[in-house]
DNA sequence: CGGGATCCCATAGGATACTG
DNA sequence: CAGTATCCTATGGGATCCCG
């Protein structure tokens, strides 16, 4: 079975465009996944609307897409309660939780270095219009 | 000066859509920046064509865009040598290099967990078509 | 409440050809 | 060699409305 061969012997190569690791990178690198991981890592489970507000300015359709993709990739577990009104809760799987630290590190980098980036950007733009 | 106020007192908030940290996240989260950081962290300086081959399947226009954006954000330094044929070298700035560890962590996560993600995906898709 | 259905758009990204 | 210049498309993402 191909999957088992992968698990056992496959040598992942980020630099190979055909390597599935790239697919993974692409998913993590979308606009919202990282934020959702962070939110769910902070407190779980959370409900749809809660996430929607927590993430700030995301369209419902897009949140659904994001959550579905994460569920598909085994990062999130979705639980539906047969109630009226409906209640749906999301939480990280162990796999999803293992992403917490790496993503948090990126987040911290962003918070720590925004100012520098902004300055660099300003300098670059001024130099550009300068000559 | 606004920038200094930022540096000193601004409270970054990843969850606020208007916060510049989000801009930073968006840039890092594009398709190529992370790979370029990794390549340059591994060995610097590198030339355009070298990066182009190293990164695997990137169009020259897109590599230029990526590199320019990174230069603008203060992540890479671009050096042009007045020779024929032209030689241009790219290397990480200290700021860019500070991204190395967080990004490498994400890369390692991807390599370590591709198989799990792929399996989860397969399971999900089968369950989907099942009912 | 938690989305599905629709419609729409910007733009990141790609292919190819050309040039100082 | 290190890019520009064009042209093109795929799609991530957004706005709105509706439904069980």
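The values are calculated or read from the model by the stated rules, or taken from the named source; none is laboratory data. What you see is a predicted model, and the numbers here were worked out from it, not measured in a lab. When we count neighbours, we look across all protein chains shown, and the Cβ atoms used for this are built from the backbone with ideal geometry, even at glycine.
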Test: residue in the stretch A:18-28 that is at the interface with chain B (Cβ under 7 Å from one of its Cβ atoms) and either modelled with pLDDT of 95 or more or part of a loop (DSSP other than H, G, I, E, B) (or both): no
Given (1) more than 17 Å from residue B:88 (Cβ to Cβ); (2) within 14 Å of DNA strand D (Cβ to nearest atom); (3) crowded, with 19+ Cβ neighbours inside 10 Å, index of the condition residue B:26 fails: (3)
Given (1) more than 12 Å from chain A (Cβ to nearest Cβ); (2) surrounded by 16 or more Cβ atoms within 10 Å (Cβ to Cβ), index of the condition residue B:76 fails: (1)
Condition check for residue A:14: facing chain B (nearest Cβ under 7 Å), touching a helix residue (DSSP H, G or I) at 6+ places or on another chain (Cβ under 8 Å) and not in a helix (DSSP H, G or I): yes
Members of the stretch A:49-73 that are surrounded by fewer than 17 Cβ atoms within 10 Å (Cβ to Cβ) and in contact with a helix residue (DSSP H, G or I) (Cβ under 7 Å, 6 or more places away or on another chain): A:60
Pick from the stretch B:38-73, criterion within 12 Å of DNA strand D (Cβ to nearest atom), closer than 16 Å to residue A:17 by Cβ and assigned to a helix (DSSP H, G or I), ranking: farthest from the other protein chains (Cβ to nearest Cβ): B:60
